[in-house]
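The values are calculated or read from the model by the stated rules, or taken from the named source; none is laboratory data. None of the values given here were measured: they were computed from a predicted structure. Using ideal geometry, Cβ is built from the backbone for each residue, glycine included, and neighbour counts are taken over all protein chains shown.
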Amino acid sequence: MRTSDARLRTLAPLAALTVASMALLTATSGTLAAWTDDEYVSAAAGVMVAGDCTTTTLFQTESAGRQLSGSLGGAELDTLAAVQGVQVGNANGTVTVAPGTATQVDPVTHTSALEAGALGMPLLSTAVGLNQPAGNAGAYTQWAQAKASGQAAGAAGLVSDQSGAIDGTGTAAGSTTAPTAASVNLESFVPSSEVAVTLDVGAVASSAAVDACTLTNGWPTLDPSPAVDRRYGIAGLGLNLSAGLIHTMTGSVSGTIDRVSQELAAAATTGSLRAAVKAGVTDLVSQSSDELAAGSVTTEITFGAPNLSAARQLLTTPLTDGVVSIDLVNATISFDLAKLAYGSAGLNGLPANTRVAFGAGAVQNLTQRTSALLEAWGEAISAEIEKALAATSFTMDTTVVLQADDPLLGKIDVTEVSLGYATTVGAFLPQTPPAPLPAPTVSTKVLGLGLPGLEALLEPITAALASGTGEIVAGAFDDTLFGPGALVPMTAAAIQSAVLPVVDAADSALSPLADTLTLTVNVQPDQPGAPVSAAVAGNAADGQYKVSALRIAAVGSTAELYLATAAAGPVVFQRGAG
């Protein structure tokens, strides 16, 4: 058999693959692209001649296309009228079609659209959790063509009614997004799964074609090695977890963000910030003068309201690393199995009967990706909070009363030094490149009669306060905002703590599927490695060439689903027919 099964798997984009490409299978036995009529050549007085591989009627051919096949508890899904697909037979020019409602494209070609709502019928939705996503009814076509000249072809999925061309991306007609083929609720399909996880299948398509006519000494005969072409396309395959804990997480983080403003305002009036400023200013005075000492020190600190809008925006921002995607608004986590297994190439262009591995390693990979995404998300929120704090306005008014020792009166108040800041918190935080700390405004006021030589005594004190107060405030901020148990680290810890239950939920949802859910792409029953199947779609008669885009099964379940199954053949030569 001349087969291009292995050689024709370079389908990567699979956009609008045409049956015209099947004509390349053979240059001597006719073209599959020209299957537009079915006739024989007549000589005079009704004497029929054999013709060639485009005009002979010496063959009996069969073909079929079916969007959904499989079995459910031993019952064959092919018997369900709603998903029966289309079958075309041609016996020496006599064409038979099932169902009778199929649409004729030409005498040997018929199509049948998947019945609206067929995948959501109670039997399928209840037993295996299969549903057709809203808005996709009628998007999928089942196509079959059988010629008495020895050629047959079938297609299913996103298929051109006229040519049988398949579109494995769903975008060949100019659409920017592809329809979803099906959604399987794994809580129903996989016995060990107890959470709301669905297997979402993107646009699928398949086509099979066989040309079994060859010319021997100028006469059409059955080719012992017929030309076969099988193609498939899958636009996407992923798991979708409904995770209500995401809303719990974002609610908790939202509350943490709210508390930032409250705790910052509290730091201005209570706690160690004011105490640190007072102690630092007192030390500066004592270090710069032996004649004057700090008496009373009062300080008033005010923070503006931090603008935390950037942090809040992250509460609704979608998260993705290309394989795992987290929808914070709708509380879902999507896992792209195609990219996980095969990167950007996805599931197209793979050898026949390729099994998409989903074991403990895949679960660990997806869980780690989920954890990394949420950890990075939490860090991003913490970073935005820090930015907001840095941009928050900061004012400080500190008054230091300086005293001198009088032999008769003891300590007397001689002057008042006022220090002031009107800047931002960020002015006192480390910067890149390093920038000098801001100096406060400094003013003095003589109290009482003053003191002889007071101006000279004040000079080193005011200089020390002008140059050293910035360091004091920076140190106070470092302790109050960034120190152990302070605002920033406590906020970051609260955010990361809120993330952990979601990561645990993802791991708990995926683990039961490991080595239980079995996914096979480019299923060809007659090729090595084909799944052992009780379903019609998983078995082929002699001379019949089938391909299914995807098979879904589970260990411990009697259900198996085949999506987009195309069949071409058998082709039988009937010498002397007609």
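If you go through the range 88-102 and keep only what is more than 12 Å from residue 145 (Cβ to Cβ) and surrounded by 14 or more Cβ atoms within 10 Å (Cβ to Cβ), you end up with 91, 92, 93, 98.
Scan 269, 250 and give me the residue that is closer than 18 Å to residue 392 by Cα and of a type in the set (Ser, Thr, Tyr). Give the steps one after another, and end with the answer.
Working: 250 fails: closer than 18 Å to residue 392 by Cα.
When all the criteria are applied, what remains is 269.
The listed residues are 305, 266, and the only one of them that is of a type outside the set (Phe, Trp, Tyr), at pLDDT 95 or above and either exposed (fewer than 15 other Cβ atoms within 10 Å of the Cβ) or under 30 Å from residue 350 (Cα atoms) (or both) turns out to be 305.
Residues checked against (1) in contact with a Phe, Trp or Tyr (Cβ under 8 Å, 6 or more places away or on another chain); (2) part of a loop (DSSP other than H, G, I, E, B); (3) not assigned by TED's automatic domain parsing to the domain that holds residue 417:
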residue: 435; (1), (2), (3): no, yes, no
residue: 444; (1), (2), (3): no, no, no
residue: 461; (1), (2), (3): no, no, no
residue: 480; (1), (2), (3): no, no, yes
residue: 525; (1), (2), (3): no, yes, yes
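Restricted to strands (runs of 3 or more DSSP E) entirely inside the range 137-217, those with at least 1 residues that are charged (D, E, K, R) and modelled with pLDDT of 80 or more are 197-201, 204-216. Can you tell me which residues in the range 399-433 are within 15 Å of residue 472 (Cα to Cα), in a loop (DSSP other than H, G, I, E, B) and out of contact with any helix residue (DSSP H, G or I) (no Cβ under 7 Å at 6 or more places or on another chain)? Matches in the range 399-433: 430 only.
Exactly one residue among 473, 502 is part of a helix (DSSP H, G or I), farther than 30 Å from residue 283 by Cα and modelled with pLDDT of 95 or more, and that residue is 502. Selection of the range 534-578 for residues being assigned to a loop (DSSP other than H, G, I, E, B) and within 31 Å of the chain's Cα centre (by Cα) yields 555, 556, 557, 558, 559.
So that you can scan it fast, the table gives a plain yes or no per residue for (1) out of contact with any Lys or Arg (no Cβ under 7 Å at 6 or more places or on another chain); (2) crowded, with 24+ Cβ neighbours inside 10 Å; (3) touching a residue at least 24 places away in the same chain (Cβ under 8 Å):
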| site | (1), (2), (3) |
| --- | --- |
| 207 | no, yes, yes |
| 216 | yes, no, no |
| 221 | yes, no, yes |
| 231 | yes, yes, yes |
| 236 | yes, no, yes |
| 242 | yes, no, yes |
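In the range 45-83, the qualifying residues are those that are under 11 Å from residue 562 (Cα atoms) and at pLDDT 80 or above, and the one that is surrounded by the fewest Cβ atoms within 10 Å (Cβ to Cβ) is 71.
Across the range 370-393, the qualifying residues are those that are among the hydroxyl-bearing types (Ser, Thr, Tyr) and part of a helix (DSSP H, G or I), and the one among them that is farthest from residue 427 (Cα to Cα) is 370.
Kindly provide the set of residues from the range 328-362 that are in contact with a helix residue (DSSP H, G or I) (Cβ under 8 Å, 6 or more places away or on another chain) and either assigned to a loop (DSSP other than H, G, I, E, B) or within 17 Å of residue 378 (Cβ to Cβ) (or both), ordered by number. 328, 331, 333, 346, 347, 350, 357, 358 - these are the residues of the range 328-362 that are in contact with a helix residue (DSSP H, G or I) (Cβ under 8 Å, 6 or more places away or on another chain) and either assigned to a loop (DSSP other than H, G, I, E, B) or within 17 Å of residue 378 (Cβ to Cβ) (or both).
Selection over the range 290-317 of residues that are more than 30 Å from residue 465 (Cβ to Cβ) and touching an Asp or Glu at 6+ places or on another chain (Cβ under 6 Å) gives a count of 2. Do we find that residue 279 is in the same structural domain as residue 465 (by TED's automatic domain parsing) and surrounded by fewer than 18 Cβ atoms within 10 Å (Cβ to Cβ) in this structure? Against the criterion (in the same structural domain as residue 465 (by TED's automatic domain parsing) and surrounded by fewer than 18 Cβ atoms within 10 Å (Cβ to Cβ)), residue 279 qualifies. Considering only residues that are among the hydrophobic types (A, V, I, L, M, F, W, C) and within 38 Å of the chain's Cα centre (by Cα), which ones fall in the range 464-498? Matches in the range 464-498: 481, 482, 486, 487, 488, 490, 492, 493, 494, 495, 498.
Listed by first and then second residue, the pairs linking a residue in the range 456-468 that is touching a residue at least 40 places away in the same chain (Cβ under 8 Å) to a residue that is of a type in the set (A, V, I, L, M) and in a helix (DSSP H, G or I), with Cβ atoms under 6 Å apart and 6 or more places separating them unless they lie on different chains, are 461/285; 464/284; 465/284; 468/284.
The set of residues in the range 395-410 that are among the charged types (D, E, K, R) and farther than 19 Å from residue 281 by Cα comprises 405, 406. Taken together, 439, 427, 466 contain a single residue that is closer than 21 Å to residue 301 by Cβ, touching a strand residue (DSSP E or B) at 6+ places or on another chain (Cβ under 6 Å) and among the aliphatic types (A, V, I, L, M), which is 466.
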